[in-house]
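Worksheet: one structure, shown below.
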Amino acid sequence: MRIGVLALQGAVTEHIVSIEKTGAQGMPIKRIEELNEVEGLIIPGGESTTIGKLMRKYGFIEAIREFAGQGKPVFGTCAGMIVLAKQIAGGEPGHLELMDITVARNAFGRQRESFECDLEVKGIAEPVRAVFIRAPLIQGVGPDVEVLTLYNDEIVTARQGNLLVCSFHPELTDDYRLHQYFADMVEDSMAADL
Ligand code: GLN
């Protein structure tokens, strides 16, 4: 099973290392044709405006919409979550606009720009180590969205069918259980395809 990591900007290598810990193969994706070689896709953290701009330039908006439309799983972390959201608070235009969530960018105040904590994630037995870096949070969710994690009453992990998002950086710790959760989604979607 192969899982791609969109490699336009951001934390790509770390995601590949985490994917490989689950036993799946990780592959950086730089061109849209490479999406044909993977069964799932991670959109990493970085800077959402930059990632969005590069996605438009290289045809990834349509290509990823089509990929997700085929039921293949997509996991957005931090900036990747912003890129997947239908709406960005403050009126900034969306990018992929695939997931029925409204996100607020840089939503944790100045003193708290970066921090780490342990969080309960629905579906994962023990708390997961979460690293937040100028992180967004989810302000609103549509009816098909399942909330998986709250941090101080704010939504920071959620799922809608084949789409998974989190506000933090699961690739920056050696806790790869969220990658395992995603790899299981990819495996299930492949089994459903048979
Ligand atoms: N602040 C970034 C943005 O708005 C996201 C930060 C991150 O991915 N660590 O795009």
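The values are calculated or read from the model by the stated rules, or taken from the named source; none is laboratory data. Note that this is a predicted model, so its numbers are computed, not measured. Heads up, the Cβs are rebuilt from the backbone with ideal geometry, glycines too, and the neighbour counts pull from every protein chain shown. Only protein heavy atoms, including side chains, enter the accessible area calculation; ligands, DNA and RNA are left aside. Shrake-Rupley method; radii C 1.70, N 1.55, O 1.52, S 1.80 Å.
Residue count for segment 129-150, restricted to those that are away from the ligand (no atom under 16 Å from the Cβ) and in contact with a Lys or Arg (Cβ under 6 Å, 6 or more places away or on another chain): 2.
Working only within segment 77-126, note down all residues that are surrounded by fewer than 19 Cβ atoms within 10 Å (Cβ to Cβ), over 24 Å from residue 51 (Cα atoms) and in contact with a Leu (Cβ under 6 Å, 6 or more places away or on another chain). 122 - this is the single residue of segment 77-126 that is surrounded by fewer than 19 Cβ atoms within 10 Å (Cβ to Cβ), over 24 Å from residue 51 (Cα atoms) and in contact with a Leu (Cβ under 6 Å, 6 or more places away or on another chain).
Residue check, residue 19 against (1) within 19 Å of residue 135 (Cα to Cα); (2) in contact with a Gly (Cβ under 6 Å, 6 or more places away or on another chain); (3) not basic (Lys, Arg), all met but one. Which one? Going through (1) within 19 Å of residue 135 (Cα to Cα); (2) in contact with a Gly (Cβ under 6 Å, 6 or more places away or on another chain); (3) not basic (Lys, Arg) one by one, residue 19 breaks only (1). So in segment 43-59, with the set limited to residues that are out of contact with any His (no Cβ under 6 Å at 6 or more places or on another chain) and open to solvent by less than 10 Å² (accessible area, probe 1.4 Å), which one is farthest from the ligand (Cβ to nearest atom)? Filtering first and then ranking leaves 55. A single entry from 80, 71 fulfils the requirement of being within 14 Å of the chain's Cα centre (by Cα) and at pLDDT 95 or above: 80. Could you please find all residues in segment 166-186 being aliphatic (A, V, I, L, M) and either farther than 13 Å from residue 122 by Cα or touching a Lys or Arg at 6+ places or on another chain (Cβ under 7 Å) (or both)? Of everything in segment 166-186, those that are aliphatic (A, V, I, L, M) and either farther than 13 Å from residue 122 by Cα or touching a Lys or Arg at 6+ places or on another chain (Cβ under 7 Å) (or both) turn out to be 172, 183, 185, 186. Among the numbered conditions (1) at pLDDT 95 or above; (2) more than 16 Å from the ligand (Cβ to nearest atom); (3) surrounded by fewer than 22 Cβ atoms within 10 Å (Cβ to Cβ), the only one that residue 153 does not meet is (1). Residues that are without any contact (Cβ under 8 Å) to a residue 60 or more places away in the chain, surrounded by 14 or more Cβ atoms within 10 Å (Cβ to Cβ) and touching an Asp or Glu at 6+ places or on another chain (Cβ under 8 Å) are absent from segment 35-42 altogether. Among the residues of segment 1-25, write down those that are over 16 Å from residue 78 (Cβ atoms) and within 15 Å of the chain's Cα centre (by Cα). Residues satisfying the conditions are 3, 4, 16, 19.
Per the conditions (1) open to solvent by less than 70 Å² (accessible area, probe 1.4 Å); (2) in contact with a strand residue (DSSP E or B) (Cβ under 8 Å, 6 or more places away or on another chain); (3) more than 15 Å from residue 44 (Cβ to Cβ); (4) not aliphatic (A, V, I, L, M), the sole criterion not satisfied by residue 144 is (1).
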